[in-house]
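The values are calculated or read from the model by the stated rules, or taken from the named source; none is laboratory data. This structure is a prediction, so every number in the text was calculated from the model and none was measured. Note that each Cβ is placed from the backbone with ideal geometry, even for glycine, and that neighbours are counted across all protein chains shown. In case anyone asks, the SASA skips ligands and DNA or RNA and just uses the protein heavy atoms, side chains included. Shrake-Rupley method; radii C 1.70, N 1.55, O 1.52, S 1.80 Å.
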Amino acid sequence: MKNILLLCGGDGAEHQISLISADFIEKKINEIGEYNVIRAEIHNKKFILKDGSAGYFDKDSRFVTGSDCLDIYCAVPCIHGVPGETGDIQSFLEIFNIPYIGCKSEASHNCFNKITTKLYLTALNIPNTPFLIVLRQDELSKANALKAFDSWQDVYVKAASQGSSIGCYHVTKKEDLWDSVVEAFTFSEDVIIEKTIKHRELECAAYEIDGNIYITNPGEIIMPDNLFYTFDEKYSKDSGSVTTVEPQNLSDEIKQMIRDYARKAYLGLKLRDLSRIDFFLSDHNEIIINEINTFPGMTPISMFPKLLEHNGHQMTEFLRQAIERAARKKK
């Protein structure tokens with residue numbers, strides 16, 4: 001059977017969620033019946049196998065596990081946040097000439113960094129929230145941040161290079177702004193301040209199958225009043241948020257515009273195989289891209305697999321085609 005290296009974990013803030021997603025991916029790949037899954041959790045800069053031993057790549061790009069030297073047919077980097085969505089693990093795999101599914105290293109890095117994403121979206125004429133970049137903690141940056149708050153009155157302060165709302169703060173009082181910026185800097189080297197938009201949160205899956213790029217109709221995250229979709233709100237068993245793949249009171253025109261912007265972003269940022277593209281629909285019916293996830297969650301409550309299957313496709317077939325497409329490119 002063909003060896004599939006399923007990478008997960010990563011020691012970032014989303015390590016545990018990555019493990020849950022890997023459970024789902026492993027189950028689906030095993031259902032295909034054509035592959036032997038080797039699961040390796042990235043922990044303390046090592047590839048830790050299920051038996052607790054460590055694997056590694058040798059000089060011939062084989063994956064060594066104990067006395068076995070395995071040729072890897074394809075890797076699946078199921079890692080949310082660092083070092084998966086940052087592009088680091090993709091660069092590593094490219095050095096060893098290991099095929100892998102998902103976005104390449106540059107696209108992963110560009111989408112993980114909120115500043116880079118916004119600059120790309122702006123250049124592509126795709127609407128996104130008004131923002132201010134904060135590159136350092138000095139008096140000029142502080143003055144510019146306070147000036148932005150005076151203009152917007154209600155903002156989100158975000159660590160530029162984090163996922164799942166890590167290092168994000170909702171600020172409605174001017175006196176709290178700079179403390180939130182300083183806190184955000186503990187999660188990232190750069191910080192971004194965004195104007196708060198009253199909105200509905202809509203997400204679509206973008207993926208490749210049968211030689212085509214598919215953009216699903218959006219699903220919706222419905223949150224309790226006045227709550228920000230934090231990491232805990234996303235994944236806690238006590239979450240009050242509800243997800244649906246069939247949002248109510250959403251016109252065909254709005255759905256089409258969201259699909260069009262998502263396709264434009266997918267192509268413009270050179271995404272590959274899969275992504276989840278998140279939107280705000282403002283109270284004034286403005287469509288705004290919020291963020292792009294280059295390896296979206298695959299937990300039991302995650303939107304990507306739900307939207308893909310609601311769109312008439314099967315995760316097993318999607319994964320099989322992505323694996324085979326990556327392997328062919330190596331040849």
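Worth pointing out:
- Residue list for region 49-67, filter: touching a residue at least 12 places away in the same chain (Cβ under 8 Å) and either more than 19 Å from Glu94 (Cβ to Cβ) or of a type in the set (D, E, K, R) (or both): Leu49, Ser53, Thr65, Gly66
- Pick from region 135-190, criterion closer than 24 Å to Asp88 by Cβ and polar (S, T, N, Q), ranking: farthest from the chain's Cα centre (by Cα): Thr186
A quick yes/no check of all residues on (1) open to solvent by less than 20 Å² (accessible area, probe 1.4 Å); (2) modelled with pLDDT of 95 or more:
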position	(1), (2)
Lys2	no, yes
Leu5	yes, yes
Gly10	yes, no
Ile20	no, yes
Asp23	no, yes
Gly66	no, no
Val82	no, no
Gly87	yes, yes
Tyr100	yes, yes
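- Pairs where the first residue, in region 4-28, is more than 17 Å from Thr86 (Cα to Cα) and the second is part of a loop (DSSP other than H, G, I, E, B) and of a type outside the set (Ser, Thr, Tyr), C-beta under 6 Å, 6+ apart: Ser21/Cys78; Ser21/Gly297; Ser21/Met298; Ala22/Cys78; Phe24/Met298; Ile25/Cys78; Ile25/Met298
- Any chance Asn249 is under 19 Å from Lys118 (Cα atoms) and not charged (D, E, K, R): no
- Search result, residues across region 192-219 that are more than 19 Å from Ile101 (Cβ to Cβ), part of a strand (DSSP E or B) and among the β-branched types (Val, Ile, Thr): Ile192, Ile193
- Region 246-258, residues that are open to solvent by less than 60 Å² (accessible area, probe 1.4 Å) and part of a helix (DSSP H, G or I): Ile254, Lys255, Ile258
- Glu175, sole failed condition from (1) open to solvent by 60 Å² or more (accessible area, probe 1.4 Å); (2) touching a residue at least 40 places away in the same chain (Cβ under 8 Å): (2)
- Sole exception among (1) under 30 Å from Val242 (Cα atoms); (2) without any contact (Cβ under 8 Å) to a residue 40 or more places away in the chain; (3) among the hydrophobic types (A, V, I, L, M, F, W, C) for Ile193, by number: (2)
- Checked against (1) touching a residue at least 40 places away in the same chain (Cβ under 8 Å); (2) surrounded by 17 or more Cβ atoms within 10 Å (Cβ to Cβ), His109 meets all criteria but (1).
- Asp273 being within 20 Å of the chain's Cα centre (by Cα), surrounded by fewer than 16 Cβ atoms within 10 Å (Cβ to Cβ), at pLDDT 95 or above and among the acidic types (Asp, Glu): no
- Residues of region 42-64 satisfying the condition of being open to solvent by less than 60 Å² (accessible area, probe 1.4 Å) and over 30 Å from Gln162 (Cα atoms): Asp58, Ser61, Val64
- Test for Gly297: is it surrounded by fewer than 18 Cβ atoms within 10 Å (Cβ to Cβ), small (Gly, Ala, Ser) and not in a strand (DSSP E or B): no
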